[in-house]
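The values are calculated or read from the model by the stated rules, or taken from the named source; none is laboratory data. Owing to the predicted nature of the structure, the values given are computational and were not obtained by experimental measurement. Using ideal geometry, Cβ is built from the backbone for each residue, glycine included, and neighbour counts are taken over all protein chains shown.
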Amino acid sequence: MPNNDFLAVLDFGSQYAHLIAKRIRHLGVYTKIFPPSIDTDRLRAAKGIILSGGPASVFAEDVPAFNPEIFSISQPILGLCYGHQLMAKHFGGRVANMGQGEFGKASLRKLNSSPLWKDVADRSQVWMSHRDSVTELPQGFQVIGETISGSLAALQHQERPLFSLQFHPEVTDTLAGSQILSNFIKLCKAHPSWSMERFIEQTKIELQQQVGEHNVLMFLSGGVDSSVAFALLNEALGKERVLGLFIDNGFLRLHEAEQILQRYKQLGYENVIGRDYGEAFLGAIANEVDPQRKRHQVGNTFLTVRKKLLEELKLNPGEWLLGQGTLYPDIIESGGTENAKVIKSHHNRVDAIQDLIAKGHVVEPLKELYKDEVRCIGELLGLPREIVWRHPFPGPGLSINVLCSNEDKILQPENNSTLDALYQHFPPTQVSLLPVRTVGVQGDQRTYAEPAVLLGPTDWELLENTSIRLTNQIRAINRVVAYLPLQQTDQLPNWRVRRAFCDKPRLDLLRTAEAHVSETFTNHGLLERIFQLLVILLPLSQDGYQDSIVLRPVISEDVMTARFAPVDWQVLHELLPQLYALNGIDSVFFDITHKPPATFGWE
């Protein structure tokens, strides 16, 4: 990789820190990520510096270690989110928690001229994820942009090349984000020298060096990540040194195992074998309700069956490294950088695998990349479109879409302060809380809370705006869903959670429901327009004996941010009778939350 004309990104633990680096690379300039405590001498060669966001508060005791001398160097500096607040505080401004945050979509209004605003519209959509705000201007700075809510969203120094943004230009949902970053690159006078083709060639060399005389046993899911990593390993090492292992873990979709193995065979990969270990995986999570433990158990079981396969094939474990299709979002969401918080543990980052990584026994060709970059590599390597553009489907499969509970309970509205806050926006007949908890990411921190549920209306724009308002103003809410009854009603029912686990009957029910949703979406050409379609099974119903379904189609590019995907109401009217006709389904919901404040899935 080039070692000159680079931009430095200081990582304060943001979910988006590496995403900043990716966006800059997409604009042709190489980036290097450093800890914020780095000595200034190591930054002298950088053409510019970007301060990432992060989960901490600038006035908290446990802030990330930062070298304040960085603000004295002459290169252009751009602070984002936490970096925006840190810059303001350093130069004498005030940062405070105003009692509510901004998560997801917001509207930016330009106030003054700035080199950052070249070819940026006067008003544009930006993406937020913060609780703290800059409330007083630092000395020597001026405001160059604000949101409709009045947030000081963009600042610049009046004499020095210092800029800061409360929003995230690195995410695709900030519509002018690439233009803003491109303008900053021009200020830095950095010259383009990076491409995906160059990455492929460099990665092949690095794989040959890392693997040495070993071979690689690669876990395959049939999805784009593992398939692209497998193709890259085959090109770098040769098919005789790479063995693909496709495991039917019992968590696959309907007829998926046969389809995936047939697809690899058609591509000429004779070095792929399949095994059914469904009973082992189901046994590993039997009676397990905690989402984190479920993920850990699935990850550990993958290693157990790998060991069994090596013994079965009489392969020497010392000669075989483990290959994984890990992407950077898996690492950052698992708390894999110095200042990052754990949002949700990924099966490819459980303790046993971390131990193998520390020993140098794991090969992950794509660990620095995002989904859109992986798809680009897949196309450059000549993989077919049905693999490259397949919807994401992680290793744990449907197991993380089956929510579990070890207790029966019914909501007690009169004792819930969050419900009281909701009733300030809607009457009790129109809003409630579902008595299950879901994971979210707010201000780069993990949240775990009961989702709000709304009754109507059939207006996506109104539902979206309501979801944004509720998650911004009520701290305890990270997700909002709309109830989709089969027959029109003017009042939400009461739902009760039942004791239920991730077992074969519930997985079969989810498989059937997911097949109905996928077929209906396919028939109407919707699957190609969305990034991922999740169908979630909840252990709740009105009678306390059945399950409910959540529809969660999302639009995204790289998993780090997402918008829920509105679906034509006529399509939903066609689909709902099919779902309600399934034996065991009580209610259907539609997730109307962006990321942030919610994650893609519910566990």
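Computed quantities for the displayed model
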item	result
In segment 559-597, the residues that are acidic (D, E), under 24 Å from L540 (Cα atoms) and surrounded by fewer than 22 Cβ atoms within 10 Å (Cβ to Cβ)	E574, D586
Residue ID - farthest from Y580 (Cα to Cα), chosen from residues in segment 530-567 that are hydroxyl-bearing (S, T, Y) and within 15 Å of the chain's Cα centre (by Cα)	T561
Search result, residues across segment 97-117 that are more than 25 Å from the chain's Cα centre (by Cα) and modelled with pLDDT under 90	N97, M98, G99, N112
Answer from L232, L207, L261 - the residue that is in a helix (DSSP H, G or I), farther than 25 Å from L538 by Cα and touching a Ser or Thr at 6+ places or on another chain (Cβ under 8 Å)	L232
Residues being within 27 Å of F103 (Cβ to Cβ), of a type outside the set (V, I, T) and either crowded, with 22+ Cβ neighbours inside 10 Å or touching a Pro at 6+ places or on another chain (Cβ under 6 Å) (or both) - total across segment 513-538	4
Evaluation of Q424 against (1) buried (at least 17 other Cβ atoms within 10 Å of the Cβ); (2) without any contact (Cβ under 8 Å) to a residue 24 or more places away in the chain; (3) not charged (D, E, K, R) (one fails), failing number	(1)
Count of segment 175-223 residues which are of a type in the set (D, E, K, R) and under 21 Å from L383 (Cβ atoms)	5
Tabulated pairs, segment 555-583, first in contact (Cβ under 8 Å) with a residue 40 or more places away in the chain, second hydrophobic (A, V, I, L, M, F, W, C) and in a helix (DSSP H, G or I), C-beta under 7 angstrom, 6+ apart or interchain	D558/L19; M560/L19; P566/W460; L575/V517; L579/A513; L582/L509; L582/A513
Residue in segment 134-142 that is within 22 Å of S14 (Cα to Cα), of a type outside the set (S, T, Y) and either at pLDDT 90 or above or not assigned by TED's automatic domain parsing to the domain that holds S14 (or both) present	yes
Subset of segment 65-78 [under 28 Å from Q445 (Cα atoms) and either surrounded by fewer than 18 Cβ atoms within 10 Å (Cβ to Cβ) or not assigned by TED's automatic domain parsing to the domain that holds H157 (or both)]	A65, N67, P68, E69
Scope segment 483-510; condition among the hydroxyl-bearing types (S, T, Y) and either touching a helix residue (DSSP H, G or I) at 6+ places or on another chain (Cβ under 9 Å) or crowded, with 17+ Cβ neighbours inside 10 Å (or both); matching residues	Y483
Selected residue [in contact with a helix residue (DSSP H, G or I) (Cβ under 9 Å, 6 or more places away or on another chain) and closer than 15 Å to L27 by Cα] from F184, F141, F163, F167	F184
Matching strands (runs of 3 or more DSSP E) fully within segment 1-64 where at least 2 residues are at pLDDT 90 or above and surrounded by 24 or more Cβ atoms within 10 Å (Cβ to Cβ)	6-10, 48-51
Residue in segment 133-148 that is surrounded by fewer than 18 Cβ atoms within 10 Å (Cβ to Cβ), touching a residue at least 40 places away in the same chain (Cβ under 8 Å) and closer than 25 Å to T466 by Cα present	yes
Boolean, L509 is in contact (Cβ under 8 Å) with a residue 24 or more places away in the chain and either in a strand (DSSP E or B) or not polar (S, T, N, Q) (or both)	yes
Unmet criterion (only one of (1) at pLDDT 95 or above; (2) surrounded by fewer than 23 Cβ atoms within 10 Å (Cβ to Cβ)) for T203	(1)
Selection count where residues are out of contact with any Gly (no Cβ under 7 Å at 6 or more places or on another chain) and either in a loop (DSSP other than H, G, I, E, B) or among the hydroxyl-bearing types (S, T, Y) (or both), scope segment 478-506	17
Residue ID - farthest from S226 (Cα to Cα), chosen from residues in segment 264-297 that are free of Cβ contacts under 8 Å to residues at least 24 places away in the same chain and within 22 Å of the chain's Cα centre (by Cα)	D290
